[in-house]
Amino acid sequence: MKLTESDILNASILIVDDQESNVTLLESLLSEAGYTCVTSTMNPREVCALHRKNRYDLILLDLQMPDMDGFQVMAGLNTNAADSYLPVLVLTAQPGHKLRALQAGAKDFIAKPFDLVEVKTRIHNMLEVRLLYKQLENYNQLLEETVQERTAELRESEARYRSLTELASDWYWEQDENGNFTKVSGPVLEMLGIQVSPLLGETNQIKVAGGWNEAERKLLQDTIAARQPFLDFVFSHVKADGSQQSFRVSGEPMFTQSCRFIGYRGIGVEFSAKK
């Protein structure tokens, strides 16, 4: 993030003072310094509506005004939830008001009578901070939007991946970190003789019928326990009627962005069935 002098001189400034002479002095000072977007009002009741409409980069606010003082104006500005940074620089001839103004949300103050060099310096410095803050807000918003877009793209990609794998295989499966099936598509439960236990508290527990080649099963289980991917792993199962099923399974471990293991996903194909 980088600001140019032009960014600062083109910032929007509102002068709020009930004394016309003060308004004229500040307008002249800012114009001579090169500021191009300066407006003013002598009616403090207009300030909140004006700021909601124009979102000023800086408000030069007199504290002592009849009918509605600067503290009341700041209280009204603070109710605007859309602006978490109150860009107010107060104008006061009362030293005792400075601390109270800062506590009310003002970011800085200018003492009356004006020291013109001090006025220009404080305005320039505060605008620099304000504009950098706005750039940071815009960057954070852009970052959040980018994250949301990427998340949506990942979900869409994941959906396409699952659709393609389901088309290219007999079943698609996912397991959690404890080995429980969390997603199964296709006739895998019937093909493998897997049943989900109906017992209370065991809805994710898997019961598998006998007839597996134990050496093959152990090798596959060891591969999964080691968090290793596997491609076209072949294992077989003999059903109760004596027919043999052979399967080719591929899988990969899943991890979060912080590298925490959260399970496996993969595909499977039955490629033979003989008596």
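The values are calculated or read from the model by the stated rules, or taken from the named source; none is laboratory data. Quick caveat, the model's predicted, so the values are computed rather than measured. Here the Cβ positions follow ideal geometry from the backbone for every residue, glycine too, while neighbour counts run over all protein chains shown.
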Considering only strands (runs of 3 or more DSSP E) fully contained in segment 1-64, which possess at least 3 residues that are of a type in the set (Val, Ile, Thr)? 12-16, 37-41
Kindly establish whether PRO95 is of a type outside the set (A, V, I, L, M), without any contact (Cβ under 8 Å) to a residue 40 or more places away in the chain and farther than 23 Å from LEU131 by Cβ. yes
I'd like the full set of residues that are in a helix (DSSP H, G or I), under 15 Å from ASN22 (Cα atoms) and not aliphatic (A, V, I, L, M), limited to segment 113-128. LYS120
Those residues that are over 16 Å from ASP62 (Cα atoms) and in contact with a Gly (Cβ under 8 Å, 6 or more places away or on another chain), I need them from segment 6-48; list them, please. LEU9
Looking across segment 65-82 at residues that are among the small types (Gly, Ala, Ser) and in a helix (DSSP H, G or I), the single one that is surrounded by the fewest Cβ atoms within 10 Å (Cβ to Cβ) is ALA75
The conditions are (1) within 21 Å of ASP18 (Cβ to Cβ); (2) modelled with pLDDT of 90 or more, and ALA106 fails exactly one of them. Which is it? (2)
Residue that is surrounded by the most Cβ atoms within 10 Å (Cβ to Cβ) [pool: residues in segment 31-58 that are of a type in the set (A, V, I, L, M), more than 21 Å from THR121 (Cβ to Cβ) and out of contact with any Asp or Glu (no Cβ under 6 Å at 6 or more places or on another chain)]: VAL47
